[in-house]
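> Got a structure for you, questions after.
The numbers here are math on the coordinates, done by the rules we state, and not lab data. This structure is a prediction, so every number in the text was calculated from the model and none was measured. Glycine also receives a Cβ, built like all others from the backbone with ideal geometry; neighbour counts cover every protein chain displayed.
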Amino acid sequence: MKEKTIALVAHDNRKKDLVEWVEFNVDILMNYNLICTGTTGILVETALREKLGVKKDSLKITKLKSGPLGGDQQMGAMIAEGKIDYLIFLWDPMEPQPHDVDVKALWRIASVYNIPTAINRSTADFIISSPLMNYDYRPIRKDFSEYLNRVVEL
C-alpha cells in the first residue's frame with residue numbers, strides 16, 4: 001500500500017482548531033505524510049515537536065507557501081498530480097478572505113479529483129476515523145475525456 005498524504009490548511013481564525021485536532025490525532029497522523037500551507041505548517045510542526053515531543057526526524061511534513069502567496073495553488077497542483085489523498089481545510093466562513101478565489105479553486109480541484117475533503121472539524125473527525133484510511137482506497141475518478149474532446153473540437 002502506498003504511503004498516503006494528508007493536506008492540512010486552516011484560515012487564521014481556525015489555526016488553533018487545526019492544531020488541537022492534530023494534537024488529538026497525533027498517533028494516527030504520524031503514519032501519513034503531511035502537506036501544509038505556510039503558517040499552518042509551522043504551527044503543526046511546532047505542536048508536534050514541542051508540545052508532543054515528536055522528534056523532528058520522525059516528522060513527514062512538507063510546508064508550502066502561505067495560502068495567499070500561492071500555497072493553495074501549489075496544493076491544488078499536487079492534488080491534480082495525485083500526490084495528495086485527503087484534504088483537511090478548516091475554513092472560516094465568518095471572515096472574508098483576500099484569496100477566496102484560490103480557496104474555491106482548491107476545493108474545485110479536490111472535487112474534480114474526488115479526494116475526501118473536510119472543511120470543518122466534524123468532517124475531519126469522520127475522515128480520520130474512517131476504516132477506509134487503513135486500506136488502499138482509490139477514489140473513483142470521473143473520466144473527463146468526453147469533455148476534453150469537446151474542448152479540442154472548438
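> Filter the trypsin sites (Lys or Arg not before Pro) in the stretch 31-74 to those in DSSP coil with at most 16 other Cβ atoms within 10 Å of their Cβ, and list the result.
Hits after loop and neighbour filter: K55, K60, K65.
> Counting only GluC sites (Glu not before Pro) that are in a DSSP loop and have at most 12 other C-beta atoms within 10 Å, tell me the longest site-free stretch of the chain.
The segment 4-80 is the longest one with no such site.
> So which residue, out of A110, A124, A80, gets the largest mean-square fluctuation from a GNM of the chain using Cα contacts under 10 Å as springs?
Fluctuation is largest for A80.
> To one decimal place, what Kirkwood hydrodynamic radius in Å is obtained for the stretch 5-153 from all pairs of distinct Cα atoms?
Across the stretch 5-153, the inverse of the average 1/r is 16.0 Å.
> Rounded to the nearest 500, what is the chain's calculated 222 nm mean residue ellipticity when only DSSP H runs of at least 4 contribute -39500 (n - 2.57) each, over all residues?
My calculation for the chain gives -11500 deg cm²/dmol from helical runs alone.
> Among the lysines, which have Cα under 25 Å from the Cα of K55 when same-chain residues fewer than 8 positions away are ignored?
Output for K55: K2, K4, K15, K16, K63, K65, K83.
> Report the local net charge at F24: Lys and Arg +1, Asp and Glu -1, summed over other residues whose C-beta lies under 11 Å from its C-beta.
Once positives and negatives cancel, what remains is -4.
> Further, regarding this structure: For K2 and S66 in the same chain, what is the full-extension length gain: residue separation times 0.36 nm, less their Cα-Cα distance, in nm?
20.3 nm
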